[in-house]
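Enquirer: My structure is below; once you've seen it, I'll send some questions.
Every number in this text was worked out from the coordinates using simple rules, so none of it is lab data. Keep in mind that what you see is a predicted model, and the values were worked out from it rather than measured. Cβ placement follows ideal geometry from the backbone for every residue including glycine, while neighbour counts extend to all protein chains displayed.
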Amino acid sequence: MTRLLIVDDEALVRAGLKMILESDDDLEVVAEADDGADAAAMVVKHRPDVVLMDIRMPRLDGLAATREVQALPDPPKVVVLTTFDLDDYVFRALQAGASGFLLKDTPPRELVQAVKVVAAGDAMLSPAVTRRLIGHFAADSRSDRQRQARERLTALTDREREVLAAVGRGLSNADIGKTLFMSEATVKAHVSRVLVKLDATNRVQVAILAHDAGLLDG
């Protein structure tokens with residue numbers, strides 16, 4: 001059973017999300033909060049596996065709340081909820097440690113599947129969404145970001161760079177294995193090493209690095 005916490009200032013949205021998520025027998029909403037200011041305390045009290053975090057809230061927005069949650073010991077995965085698919089707050093939340101984001105009008109079946117994927121520790125952003133999001137907000141400081149990203153990537157082996165590029169394109173571990181002719185277990189081991197070497201907490205952060213370093217060009 002995957003335990004969920006919903007953080008959103010709109011009661012109707014929370015009710016709708018809960019109804020959709022609990023339509024699946026493997027998902028349980030264990031708590032709700034109406035502002036980001038309460039998120040960290042609710043995580044400590046209820047120990048959810050995944051937090052669905054609204055990005056725009058009156059007292060403490062989803063960005064600051066995500067940082068607070070990620071600073072906790074053994075933090076849950078955080079999925080940012082937004083009405084806008086190109087929102088600067090979303091990009092910054094991903095950098096703060098969120099595992100991905102979902103539009104509030106995501107179809108119910110896709111919402112349930114996305115939460116399950118995140119709970120399992122895999123990527124949930126589609127390649128198209130990943131490219132749009134990180135490309136839109138990285139453009140202004142491209143050269144400086146590229147230099148810094150390439151410096152960080154020097155710690156990786158050639159194989160790890162191949163795996164990183166595949167993660168950056170939004171491929172799952174299974175798809176990476178097929179593309180690079182490796183077992184899924186080997187892919188997972190490579191991804192884990194890449195995360196450690198790049199001091200990243202999730203696949204979205206390394207996908208941003210892959211983009212900044214130019215691994216996805218061409």
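Enquirer: Determine, from the Cβ-Cβ distance of residue 120 and residue 155 and an R0 of 25 Å, the FRET efficiency 1/(1 + (r/R0)^6), rounded to the nearest 0.05.
Expert: 0.40
Enquirer: For the chain, with a Gaussian network of springs between Cα atoms less than 10 Å apart, report the residue from 109, 169, 92 with the top mean-square fluctuation.
Expert: Comparing 109, 169, 92 in a Gaussian network model of the chain, the most mobile one is 109.
Enquirer: Rg to Rh ratio, the stretch 141-213, alpha-carbon atoms and Kirkwood radius? Before the final figure, lay out the partial values.
Expert: Values: Rg = 11.7 Å, Rh = 12.1 Å.
Rounded to two decimals, Rg over Rh is 0.97.
Enquirer: Pulled fully out, how much extra length does the chain show between residue 23 and residue 9, if you take 0.36 nm times their separation in residues and subtract their Cα-Cα distance?
Expert: Working it through step by step, the gained length comes to 2.8 nm.
Enquirer: Using the beta-carbon distance between residue 106 and residue 147 and R0 = 30 Å, what value does 1/(1 + (r/R0)^6) give for FRET efficiency, to the nearest 0.05?
Expert: 0.25
Enquirer: Give the lysines whose C-alpha is closer than 23 Å to that of residue 178, dropping any in the same chain fewer than 8 places away, or say none.
Expert: 116, 188
Enquirer: What is the distance, in nm, between label points placed 7 Å from the Cα along the Cα-to-Cβ direction at residue 1 and at residue 201?
Expert: Computed distance between label sites residue 1 and residue 201 equals 2.7 nm.
Enquirer: Report the Cα-based extents of the chain along its three principal axes, largest first, to the nearest Å.
Expert: Principal axes ranked by extent give 48, 38, 32 Å for the Cα atoms.
Enquirer: Quick one: length gained pulling residue 183 to residue 35 fully straight, 0.36 nm per residue minus the C-alpha distance?
Expert: Length gained, residue 183 through residue 35: 49.0 nm.
Enquirer: Can you compute the charge dipole magnitude of the chain about its Cα centre, using +1 on each Lys and Arg Cβ and -1 on each Asp and Glu Cβ, nothing else charged? Give it in debye, rounded to the nearest 20.
Expert: It works out to roughly 840 debye.
Enquirer: Separate question: In debye, nearest 20: dipole of the stretch 141-213 around its Cα centre with unit charges on the Cβ of K, R (+) and D, E (-)?
Expert: 80
Enquirer: In percent, what relative contact order does the chain have, based on Cα pairs under 8 Å that are 6 or more apart in sequence?
Expert: Relative contact order for the chain comes out at 16 percent.
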